[in-house]
1. Identify all residues within the stretch 212-248 that are at pLDDT 80 or above and farther than 30 Å from Lys2 by Cβ; write none if there are none.
2. Could you list, in sequence order, all residues of the stretch 157-168 that are open to solvent by less than 70 Å² (accessible area, probe 1.4 Å) and charged (D, E, K, R)?
3. If you check Gly144, Gly101, Gly136, which single one turns out to be loosely packed, with under 12 Cβ neighbours inside 10 Å, at positive phi and modelled with pLDDT under 95?
4. Could you name every one of the helices (runs of 4 or more DSSP H) located completely within the stretch 144-248 that has at least 3 residues being touching a residue at least 40 places away in the same chain (Cβ under 8 Å) and over 21 Å from the mean Cα position of the chain (by Cα)?
5. Could you please find all residues in the stretch 57-73 being surrounded by fewer than 19 Cβ atoms within 10 Å (Cβ to Cβ) and at pLDDT 95 or above?
6. Evaluate the following for Asn28: is it polar (S, T, N, Q) and surrounded by 13 or more Cβ atoms within 10 Å (Cβ to Cβ)?
7. Would you confirm whether any residue within the stretch 32-42 is of a type in the set (Val, Ile, Thr) and out of contact with any strand residue (DSSP E or B) (no Cβ under 9 Å at 6 or more places or on another chain)?
8. Tell me which residues, restricted to the stretch 19-64, are more than 21 Å from the chain's Cα centre (by Cα), over 16 Å from Gln154 (Cβ atoms) and not hydrophobic (A, V, I, L, M, F, W, C).
Amino acid sequence: MKVLIFDIETAPLRGYFWRIWKENIGYNQLIDEWFMLTWAAKWLDEDEVIYDSTHLHGAHDDDTPILESLHALLDEADVVVAHNGNRFDIPKVNARFLQKGILPPSPYKSIYTFQLAKRQFSFTSNLLDGIAKFLGLGEKVDTGGFELWERCLQGETAAFEDMIKYNIQDVVLLEKVYKEMRPWIPNHPNIANFADATDACPKCGEKSLQKRGFSYTQVGKYQRFQCTSCGGWSRGRLTVRDREENKG
């Protein structure tokens, strides 16, 4: 199974408005639409962080080349991990794909750590930076504020270099947060299925399962396991009775 950790940074909308609080802005007040500035990604447990930016392709406000490079990674992925992916990264990327006439990548499973944080835990902050600090995993790069995005819109090389550093650190942190949360993820995509391994942990794929009691359902009794590598829980695919009959 190929698990892709990724994060995007986008340009802001620009427009005319009369006040900064509770303002409804009409579409005809927009000056410029948003677009992608940079993306960063890495394959789970690999050292290299891959990235791309509009500036690297010579036109800071044309995201077509970086959409195509990101599409190639998504097309290769079996599982995609993004912090706020269901509300931001994935819908934003899909909108740009559609606008540019880029067909959907091959289907993949999705894991969103922000959504998991809200459902499974009660952190002081569900932001990536807050979770990472709470768990002692590090912190985000300080961008210095909105001025960095403004400098990127002006095509400043140094600004894009700083944006890439910020984007890369987000991906590094996200991988750490995901791996800490992984044992707690209900219905995690079954990694063992991809390896055709019946004796591997469905969450991390390691063959380090320890028998820990039984799980009972309306159908029957199942052997229960805990992974000694990631700590995740799982159960056997067959009831204890079926397993015994198959052995016989």
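The values are calculated or read from the model by the stated rules, or taken from the named source; none is laboratory data. This is a predicted model, so every value here is computed, not measured. Glycine also receives a Cβ, built like all others from the backbone with ideal geometry; neighbour counts cover every protein chain displayed. In case anyone asks, the SASA skips ligands and DNA or RNA and just uses the protein heavy atoms, side chains included. Shrake-Rupley method; radii C 1.70, N 1.55, O 1.52, S 1.80 Å.
1. Gly213, Phe214, Tyr216, Thr217, Gln218, Val219, Gly220, Lys221, Thr239
2. Asp162
3. Selected residue: Gly144, the only one of Gly144, Gly101, Gly136 that is loosely packed, with under 12 Cβ neighbours inside 10 Å, at positive phi and modelled with pLDDT under 95.
4. Result: 147-153.
5. His57, Thr64, Pro65, Glu68, Ser69, His71, Ala72
6. In short, no.
7. No, the conditions are met nowhere in the stretch 32-42.
8. Arg19, Lys22, Glu23, Asn24, Gly26, Tyr27, Asn28, Gln29, Glu33, His57, Thr64
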